[in-house]
Structures are given as structure tokens and as C-alpha cells.
Amino acid sequence: MDELQKIQHPPIVEAILDIECDLPLNQHLPLLESTAKERFKDRYPKFRTQFAQEHQIATSPDGPPQISVLPAGIQAFHFVQDDEKQLVQVRLQGFSFNRLAPYTSLDDYLPEIKRTWNLYTEIANPVQIRMIRLRYINRIILPFTEGKLEVDDYFKVGPQLPDEEDNLRFVGFFNQHAAVDMQTGHQVNIVLTSQEPEKGYLPIIFDNGVAAAGPGEAENWVWISGRIQSLRDLKNRIFKNTLTKQCLELFQQP
């Protein structure tokens, strides 16, 4: 943790906290729109609606598949700050808080998370909490040296090519790991994927996600904040143990 706290330029491009909830049976998302707009407009004046489009495919042995498009349904309401760096989501399945870069520390955002969560519970009346997820999307820019890049120099857990003679060179990769923390029971999902090279650099997306199962009471902020802190500790441990010291030093450069 000491090393992480000393990082001058965190590679975080977005941090997301999701709280998945069970809502009352008679609660429908469109009915919450006007009330939610009124409660969030002071700090989140921009409003957007996210729709979900579903397709159905019917197959039969006597003909080609039949594809039908269902009417688009409302998936979430987005309440966005003027600078577009922070938003709150009132979703079909719960609540989300998104913070884009620049990102400082979770401690700086917890009071606002608590405030907006309380607004959400007043609006949606969730029955219980099913899951809390904490996800950090990092974009790490790795430098090529004479046109080459040793991925192992930067990642302790990373892609490997099946070639002992070094005849193969990476042109891209996608690595995903799913795990369970045996001490807490929290779920872990780690994704490492490369993007297109940019002028002597290779951008890597490091998607670091952790989740804690409920059930929990929506009014019990002590329980919620405890779960968030536990997820944060696990997320930081994964971050530190995925990246090498050489990689961490990249975040100290101006």
C-alpha cells in the first residue's frame, strides 16, 4: 500500500462502483425519471437515457433463422457533471458511481458516493443489496526499445507465447483471469489487453475488477462502506502484484 500511495500519476482512466439491488416488484425505472432528475440536478445537471436493444433468434429445421428486434427498453438514467468527469447512474439493476480521469483517491469520493447512494435509496426504495462491485480501468503506456518490448519486464502475470526459440513476436493479446479470494470470498476478474501501438509506445488496458456478494441492507452504510474498503484492499493487492517495479516506476514520470 505504501508504494501505491506514492504513485504520482495513476494510470486510472475510469473507476466504477456498482451496487446491484433488488427493487420492489411494482418499481419500474421509467417511473423514477422525474424524481431522480429533481434530486440529482444540483450537482449533476446533464441528463442522458441509456437504452437496451434486444434481439430474438428463432431457428427451425425447415428454414433459415428468423431474427426479430424487440422494442428498446430503458436500461439506465445517467446524471453527469458539467465537466463530464463524474456521473451517477440510476439503473434497472441498481446504482453506479463513475469517476473518470483525473482520479485522486477513493477517500475523496466516498462522501459523495454516500450522499448519492442515499438519494438513490430514497428514490428507488431497494429491497436489499445483492452485490457490490469495484472496477478500475487502467491504461498503461509501455515504451518500445529499438522496436522491441518485453512484456514480462512490466507484468508479473501476463501473456506468454509458445515458442522457446523466440521466433514469434506479439502483435496483440487478450488475457483474462477469474478467481475467488479465499480469505474474503470476493470475486476477482482481471483483464489485460493490448491496443494499437502509438508512435513507439504500446498502450495496455488493465481492467481490475472485484466484487462482494450480499445480501445487505440498503440503509446500512456501515456494512456497505466496509465492503467497499475490503474490495479496495483486494483491488490494490491485485494491482501491486500484477505490475513489476519497472512498470510502477512509469507512473512516477512527468
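A few remarks follow.
- Using a simple spin-label model with pseudo-atoms 7 Å out from Cα toward Cβ, Y201 and L92 lie 3.8 nm apart.
- For Y136, Y44, order by how many other beta-carbon atoms lie within 10 Å, fewest first: Y44, Y136
- The residues L87, L110, L134, when put in order of fewest to most other Cβ atoms within 10 Å, stand as L110, L87, L134.
- Rg to Rh, two decimals, where the chain supplies the alpha carbon set and Rh follows Kirkwood: 1.03
- Contour excess over end-to-end distance, with Cα ends at T59 and N26 and 0.36 nm allotted per residue: 8.5 nm
- Ascending count of other beta-carbon atoms within 10 Å, so fewest first, for E112, E84: E84, E112
- Taking the Cα centre of the chain as reference, the dipole from Cβ charges on Lys and Arg (+1) and Asp and Glu (-1) amounts to some 740 debye.
- Summarising the label geometry, the points placed 7 Å from Cα in the beta-carbon direction at E14 and M182 lie 3.5 nm from one another.
- Size of electric dipole in region 81-194: Cβ of Lys, Arg +1 and of Asp, Glu -1, about Cα centre, debye, nearest 20: 740 debye
- Rg then Dmax, both in Å and based on the Cα atoms of region 114-254: 19.1, 62.
- Shown is the FRET efficiency for N189 and T145, computed with R0 = 35 Å from the Cβ-Cβ distance and rounded to the nearest 0.05: 0.65.
- Linear extension gain, L161 paired with D107, 0.36 nm per residue minus alpha-carbon span: 15.4 nm
- Between helix 106-124 and the chain: long-axis angle, C-alpha atoms, 0 to 90°, nearest 10: 30 degrees
- Extreme residue, positive dipole direction of the chain, given options M131, G147, Q246 (C-beta unit charges): M131
- Helix content alone sets the calculated 222 nm mean residue ellipticity of the chain: runs of n ≥ 4 DSSP H residues at -39500 (n - 2.57) each, divided across all residues, give -7000 deg cm²/dmol.
- Nearest-ten-degree value, helix 221-242 long axis tilted from longest Cα axis of the chain: 20 degrees
Every number here is computed from the coordinates shown, using simple stated rules; none is lab data. The shown structure was predicted, so the numbers you read here are calculated from the model rather than taken from an experiment. With ideal geometry, Cβ positions are generated from the backbone for all residues, glycine too; neighbour counts draw on all protein chains shown.
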